[in-house]
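Structure first, commentary second.
Throughout, read-outs are computed from the coordinates displayed, never taken from laboratory work. Everything quoted here is computed from the prediction, not taken from an experiment. Every residue, glycine among them, receives a Cβ derived from its backbone with ideal geometry; neighbour counts consider all protein chains shown.
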Amino acid sequence: MTGDLDRATNPLELFATWLAEAEGSEINDPNAMALATIDESGMPDVRMVLLKGFDEDGFVFFTNFESAKGTALQANPKAALCFHWKSLRRQVRVRGAVTTVTDAEADAYFASRPRGSRIGAWASQQSRPLESRFALEKAVASYATKYAIGDVPRPGHWSGFRIAPEEIEFWIGRRSRLHDRRRFVRSGDDWTATRLYP
């Protein structure tokens with residue numbers, strides 16, 4: 001497996017290979033990633049989100065733009081990601097600038113979600129105080145009634161972010177904590193790779 005790190009020249013191709021292998025070994029959500037942001041006060045925050053797509057332009061996830069992560073990323077559009085596949089003893093870390101996905105991308109993904117999740121996007125005032133579970137269930141019921149017939153449109157406050165990778169690091173766990181690490185740094189369309197001490 002060390003050879004994979006040494007031979008790789010395109011980190012996104014290597015990531016695709018690792019993600020495909022994780023899809024066969026992880027019990028739940030192989031596309032789960034820790035997303036780290038900085039809020040307006042400079043305080044860091046981290047939470048798990050789901051990767052919904054990636055390509056040469058970056059890693060994409062979707063959320064309520066009025067949530068804690070949404071407001072943080074709009075105020076300070078930089079982020080870090082960490083994938084951890086325990087079954088494979090592998091991690092991938094990503095850092096880069098953040099942009100908003102296009103309306104067409106957001107519409108397409110929102111339309112692919114289960115109806116209940118689309119209703120939930122309207123009902124949840126994500127990250128804000130909730131007086132009771134009943135209040136949430138009442139909001140869900142209200143929007144389910146409102147959109148009982150026909151399509152559920154995408155809320156204007158719900159869309160996606162794309163993290164354009166400037167650095168990608170691959171990690172393989174080894175005995176005695178002598179792990180394999182290789183970091184790729186982007187320069188234009190090219191990547192420079194460097195091995196790192198554990």
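So the values come out like this:
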{"item": "Residue 134 paired with residue 45, simple spin-label distance in nm, labels 7 Å along Cα-to-beta-carbon", "result": "2.9"}
{"item": "Contact order normalised by residue count of segment 27-183, Cα under 8 Å, 6+ apart, percent", "result": "28"}
{"item": "Max mean-square fluctuation residue, GNM over the chain, Cα-Cα springs under 10 Å, options 155, 77, 129", "result": "129"}
{"item": "Residue-span extension gain [residue 176 to residue 32] - 0.36 nm each, minus C-alpha spacing", "result": "49.1 nm"}
{"item": "For segment 1-70, radius of gyration divided by Kirkwood radius, i.e. Rg to Rh on alpha-carbons", "result": "1.05"}
{"item": "Qualifying GluC sites (Glu not before Pro) in segment 43-129, DSSP loop, other Cβ atoms within 10 Å at most 10", "result": "56"}
{"item": "Vicinal HN-Hα couplings computed from phi for segment 188-193 (Karplus, 6.51 cos²θ - 1.76 cosθ + 1.60; Hz; Gly/Pro x)", "result": "x, 9, 9, 10, 10, 9"}
{"item": "In sequence order, calculated HN-Hα J values of segment 36-51 (Karplus, 6.51, -1.76, 1.60; Hz; x Gly/Pro)", "result": "10, 9, 10, 7, 5, 8, x, 7, x, 8, 9, 7, 8, 9, 10, 5"}
{"item": "Exposure proxy order (Cβ contacts within 10 Å, fewest to most) of 101, 94, 46, 60", "result": "46, 60, 101, 94"}
{"item": "Sorted by Cβ density within 10 Å, fewest first, the residues 6, 57, 180", "result": "6, 57, 180"}
{"item": "Within-15-Å neighbourhood charge of residue 153 [Cβ basis; K, R +1; D, E -1]", "result": "+2"}
{"item": "Where labels lie 7 Å past Cα in the beta-carbon direction, separation of residue 68 and residue 4 in nm", "result": "3.3"}
{"item": "Among 168, 158, 61 - extreme Cα towards positive end, dipole of segment 54-191, charges at beta-carbon", "result": "168"}
{"item": "Residue-count net charge about residue 140 - beta-carbon cut-off 12 Å; Lys, Arg +1, Asp, Glu -1", "result": "+4"}
{"item": "Radius 9 Å from Cβ of residue 75, net charge of other residues (Lys, Arg +1; Asp, Glu -1)", "result": "-2"}
{"item": "Exposure proxy order (Cβ contacts within 10 Å, fewest to most) of 149, 168, 38", "result": "149, 38, 168"}
{"item": "Amide H contacts of residue 166 (H built 1.01 Å from N, under 5 Å, at least 5 apart or other chain)", "result": "95, 96, 97"}
{"item": "Trypsin sites (Lys or Arg not before Pro) lying in DSSP loop within segment 45-76, provided at most 16 other Cβ fall within 10 Å", "result": "52"}
{"item": "Spatial separation of Cα centroids for segment 151-198 and segment 88-145, in angstrom", "result": "23"}
{"item": "Length released on extending from residue 197 to residue 99, taking residue separation times 0.36 nm less the Cα-Cα span", "result": "32.1 nm"}
